[in-house]
Amino acid sequence: MEYESPSQSPTLTQDQRLKLLYPMVNEEETPLPRCWSTKDKYNYIGLSQSNLRVHYKGHGKTHKDASSVRATHPIPASCGLYYFEVKIISKGRDGYMGVGLSAQGVNMNRLPGWDKHSYGYHGDDGHSFCSSGTGQAYGPTFTTGDVIGCGINLIDGSCFYTKNGHHLGIAFQDLPSGLYPTVGLQTPGEVIDANFGQEPFKFDIEGEMRELRRKTQGVIEDLSWPRKHGDAQAVLHNMVSTYLVHHGYSQTAESFARSAGQEISEELTSMRNRQHIQKLVLAGKLGEAISTVDQLYPGLLALNQDLHFRLKVRQFIEMVSGADSLEIESESGGGKSWADTSSSSGHSGSNMDMEEQVDNAG
């Protein structure tokens with residue numbers, strides 16, 4: 001039998017289904033959620049059936065008896081669009097159940113959505129809760145036998161829910177990354193089963209992914225290039241060239257300019273000089289970096305005293321750690337660019353010269 005969405009085939013293993021849905025995820029680096037955590041849960045939560053079934057074992061007298069559990073791993077950003085489902089095996093006494101997402105460290109003695117960085121859809125009233133104890137009208141209530149799905153778009157940060165395979169619309173916007181699938185229960189007898197891809201989903205999430213790709217492609221195709229910026233290809237070439245020049249990748253910038261038939265906006269020598277100063281700063285040689293700036297760009301630090309002060313503070317820190325020294329050897333032949341003196345082992349200028357420049361600027 002052929003399925004419109006291959007992931008809905010019951011013959012697939014969990015590994016095969018997850019690879020089909022999330023081909024960009026490298027589980028060796030960012031594992032996908034596959035079950036509930038035995039450690040990241042509150043005391044009133046019980047787990048069974050390979051840590052996929054959750055049941056409530058508390059008293060359930062007040063909201064203080066609420067308990068939640070997070071999945072073993074956060075949702076990888078490389079999923080693009082992530083989805084999981086839970087089936088309500090029993091609504092228990094009152095059906096105070098929540099399905100959603102939460103960040104690591106959020107209090108598990110609460111239903112999802114009640115605290116900051118926690119988001120939930122609750123079965124007893126159908127309300128959505130976004131980091132607040134006050135809910136908003138969102139969807140229908142859910143009870144025994146219902147299948148509730150939760151999807152998060154990692155591109156735009158939106159979250160939606162489904163009920164028995166039907167899309168309920170966007171519940172939350174601008175969610176942060178690194179969230180965990182989360183469920184919460186509050187009254188005796190409540191039991192749910194999770195589906196992290198070990199079996200076909202009730203909702204056609206693969207079809208939702210296709211629709212998202214179609215919409216994205218349409219936006220790209222309908223995008224018109226602003227004429228005021230000139231020819232699109234020339235603008236793109238200029239963007240790449242400017243990036244390379246700004247970061248001092250002189251050889252790459254030179255090669256790219258030749259292949260694109262463009263001129264570089266900055267002298268190669270100047271790029272190499274800036275690159276050299278950057279390396280000195282990163283190596284902790286602040287004294288030599290300050291002296292080199294004064295030599296190659298006279299007056300720059302005098303006009304930017306805040307920058308000069310920051311460099312001097314950093315130099316003092318490096319001196320304490322032993323990576324830099326107060327005394328800087330004077331090098332003859334001042335005025336030469338670094339490109340002319342890169343083979344020299346000495347330093348250009350002295351610490352006293354820099355201090356006098358600050359005084360003069362003041």
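General observations
- Residues that are in contact with a Lys or Arg (Cβ under 6 Å, 6 or more places away or on another chain) and outside any loop (DSSP other than H, G, I, E, B) were ranked within region 149-182; the one that is least open to solvent (accessible area, probe 1.4 Å) is T182.
- Looking only at residues in region 208-230 that are loosely packed, with under 11 Cβ neighbours inside 10 Å and outside any helix (DSSP H, G or I), the one that is modelled with the highest pLDDT is L223.
- Number of the exception - E190 against (1) within 25 Å of H127 (Cβ to Cβ); (2) open to solvent by 70 Å² or more (accessible area, probe 1.4 Å): (2)
- When S131 is tested against (1) loosely packed, with under 15 Cβ neighbours inside 10 Å; (2) of a type in the set (S, T, N, Q); (3) within 18 Å of S102 (Cβ to Cβ), exactly one condition is not met: (1).
- Answer residue from region 177-207, given it is under 15 Å from A103 (Cα atoms) and modelled with pLDDT of 95 or more and is nearest to the chain's Cα centre (by Cα) among those: G178
- Residue within region 26-46 that is loosely packed, with under 13 Cβ neighbours inside 10 Å, touching a Leu at 6+ places or on another chain (Cβ under 8 Å), hydroxyl-bearing (S, T, Y) and within 29 Å of L185 (Cβ to Cβ) present: yes
- Near pairs, Cβ below 9 angstrom, 6+ apart or cross-chain, from region 133-148 (without any contact (Cβ under 8 Å) to a residue 12 or more places away in the chain) to any residue that is outside any strand (DSSP E or B): A137/D125; A137/G126
- Members of region 244-261 that are closer than 13 Å to R274 by Cα and touching a Leu at 6+ places or on another chain (Cβ under 9 Å): S250
- Test result for G248, closer than 30 Å to S321 by Cβ, assigned to a loop (DSSP other than H, G, I, E, B) and either in contact with a strand residue (DSSP E or B) (Cβ under 6 Å, 6 or more places away or on another chain) or modelled with pLDDT of 80 or more (or both): no
The values are calculated or read from the model by the stated rules, or taken from the named source; none is laboratory data. If you're wondering where the values come from, they're calculated on a predicted model, not measured in any experiment. Note: ideal-geometry Cβ built from the backbone for every residue, glycine included; neighbour counts use all protein chains shown. Protein only, heavy atoms only, side chains kept; ligands, DNA and RNA dropped before computing areas. Shrake-Rupley method; radii C 1.70, N 1.55, O 1.52, S 1.80 Å.
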